[in-house]
1. Would you check which residues across region 318-333 are at pLDDT 90 or above and either within 22 Å of Ala395 (Cβ to Cβ) or assigned to a helix (DSSP H, G or I) (or both) and list them?
2. When you look at Gly124, is it farther than 30 Å from Val15 by Cα, touching a residue at least 40 places away in the same chain (Cβ under 8 Å) and over 32 Å from the mean Cα position of the chain (by Cα), yes or no?
3. Which members of region 286-321 meet the condition of being of a type in the set (S, T, N, Q) and under 27 Å from the mean Cα position of the chain (by Cα)?
4. Out of Val529, Val544, which single residue is in contact with a His (Cβ under 7 Å, 6 or more places away or on another chain), under 17 Å from Ile469 (Cα atoms) and outside any loop (DSSP other than H, G, I, E, B)?
5. So how many residues does region 365-385 have that are in a loop (DSSP other than H, G, I, E, B) and in contact with a Leu (Cβ under 8 Å, 6 or more places away or on another chain)?
6. Please determine, by comparing only the residues of region 171-224 that are among the basic types (Lys, Arg) and without any contact (Cβ under 8 Å) to a residue 40 or more places away in the chain, which one is nearest to Ser159 (Cα to Cα).
7. List the residue pairs whose Cβ atoms are under 6 Å apart, where the first residue sits in region 646-670 and is closer than 13 Å to Ala229 by Cβ and outside any helix (DSSP H, G or I), the second is of a type in the set (A, V, I, L, M, F, W, C) and at pLDDT 90 or above, and the two are 6 or more positions apart or on different chains.
8. Filter region 403-432 down to the residues that are part of a strand (DSSP E or B) and under 19 Å from the mean Cα position of the chain (by Cα), then identify the one that is modelled with the lowest pLDDT.
Amino acid sequence: MQNQTHTDIRYLKGVGEKRAGLFHRLGVDSIDALLHFYPRAYEDWSKVVSIASAPFGEPCCIKAIVSRMPSKHLIRKGLTLYKAEVTDSVSLMQITFFNNPYAAEKLKEGEEYLFFGRVGGQLGRREMASPLVEPAQTGERIRPIYAQTQGLSSRVIESCVAHALALRKDELNDPLPDALRQEYSLCHLRFAMENIHFPADEEALLRARRRLVFEELLTLQLGLLRLKARTRTQTALQAVQDYSEAFFALLPFSPTGAQRRAISECLQDMRSATPMSRLLQGDVGSGKTAVAAALIHTAAKNGLQCAMMAPTGILAEQHYHTLEGFLGPAGIHCALLTGATRTAEKKEMKALLTSGEIDLVVGTHALLQKDVVFRRLGLVITDEQHRFGVGQRAALADKGGNPHLLVMSATPIPRTLALMIYGDLDISILDELPPGRQKIKTYAVGSRLHQRVYAYIRKHLDQGLQAYIVCPLVEEGETELTAAQEYAQKLQNGPFRGYRLGLLHGRMKPKEKEDTMRRFAANDIQLLVSTTVVEVGVDVPNAVVIVIENAERFGLSQLHQLRGRVGRGRHPSSCILISDAENGQAKQRLQTMCETTDGFQIADADLKMRGPGDFFGARQHGLPALKIANMVTDMEALKQAQEAARGILQADPGLAKAENAGLRQAVERLFQTVGETGLN
């Protein structure tokens, strides 16, 4: 088999057509992808304890001989117990399986096995319910646990990974140059791959993980620094004159100090010969759109065209109406281009863009179409950074001769971390809310108060206002869709009978999602039941209550994003966090939410607590998805990787040297995942 690394997964021993389909669900389509499908956790079968010394209630591994074969006990209809007895020659322990004849039948009297599970019972009579069982001769070792899907267990994945490793062992060429590995005391790729999947011991696992995390973060930093270098070429699209004071005179309010500072930083960039490449970070309601409007105003007055890209049609419409309100009185010609724009209108608009008569176009991915041509595109603005990959930003920027770029994000991230993540952008921060902006009252309550919470929502709906309920996160094995549908049905038939309910979930097509949000914005839907897809949504000033079920399962930053869905109008708004968590850290997180509405404080607290839930959500804000590194817990590795990336690029800006060939390939592969090409 030639180049087995990219061989289709279905050709691997033990996979085949049907199982390949299941692997595809997990994002694994080749042998290489399988090797980079790292375990999500481990079971330590390497430390065997005796029955007598086994800790109560904690996972442990016991080696014992079956002294009595399993017996069958019918407890009630639908529940059968299988009980066996095992001994380690000193103590006895009862093993119980529930409705699992297959596991029970595998046990043979007099044979020795490893039993992995939690020990219960009393001191004199120990028991283990539904343990994992392996023949003793398989050996005591640390075992990998993989993310799985129905029909594809972690054990099957483990077996396939073992085949893949055996097949590829001699082909694992290390992309890291020897000198770099020595400088940072990193193990070889071969050792790392073997020990991330099948660790020899805890120390080998730590060495493997450290090496793979470093490589992944180094690859990311190299890609981002090269993108930054690419955007640092000269531009003729300078905004020679600053028109910000004329813009401020148009406003019915006085800008905050933070807004003035951000506008000044951006215009300083736009007036130089090097194009601006800047991230504007600010909490919900901090006035990012007004900053964008000021920059568009100065750009247009300097004869430059502007484009703003939003992730959905409804958000694009919202930005268009807001910006037209700011800029129309100044004689700036604004247009809206989305998938919903009529064909004749599109044709006319594209002609006006080409002739330069349109100063600002607001749109969706429709702006990336080949026939959208600008006469003099000087400023590109993208909204909600994490909805666009670096490739899409670059694709829009490529429609101009090195235009200025502004990326707006409503997800506060501590500055030190932001500087490292957004390696290709400078940063401006809006850390001040405009006066009069309402604080959202936040309450944490237990599920026993559900009926009171529902009554509180009904009271607001009866006043013509609206609300959100964010569905419970689902357990493994249960689909998001089923959980959301069942919950919405329960509410519609029970506490909200007679009210207009809507449902929003991740499995809906983009058009269906937009339609639902439109109906909610128009008050056709009074109560929107949603999964976390509502986290980045449209402004609905009439929505005043958001209830978040199982709030302990969310990270602080995500809870803050969800809370930002309300409090956008003149009515007092509230956020109710429902949780029965007894865990001290979970309670502390919810308490933080009740005490502050400052997104930057919350982001800092989130980092310090390292609470459950990825700080950045599933995607790393438009960056390539990381497979093993964690932007929060691997801060030290991130600093080292950034330092190493700078050193490598200083000596070899194009990664053209022979020793950097592997790194160049790794960078190109990683950035392909977000549609980024041409990192030359």
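1. Within region 318-333, His319, Tyr320, His321, Thr322, Leu323, Glu324, Gly325, Phe326, Leu327, Gly328, Pro329, Ala330 qualify.
2. no
3. Once the filter is applied, which keeps residues that are of a type in the set (S, T, N, Q) and under 27 Å from the mean Cα position of the chain (by Cα), region 286-321 yields Ser286, Thr289, Thr312, Gln318.
4. Only one candidate qualifies: Val544.
5. Qualifying residue count for the region: 6.
6. The qualifying residue nearest to Ser159 (Cα to Cα) is Arg190.
7. Taking only residues 6 or more apart or on different chains, the pairs are Leu655/Leu663.
8. Once the filter is applied, the top-ranked residue is Ser409.
The values are calculated or read from the model by the stated rules, or taken from the named source; none is laboratory data. Nothing here was measured: the structure is a model prediction, and the numbers come from that model. All Cβ positions, glycine included, derive from the backbone under ideal geometry; neighbour counts span all protein chains shown.
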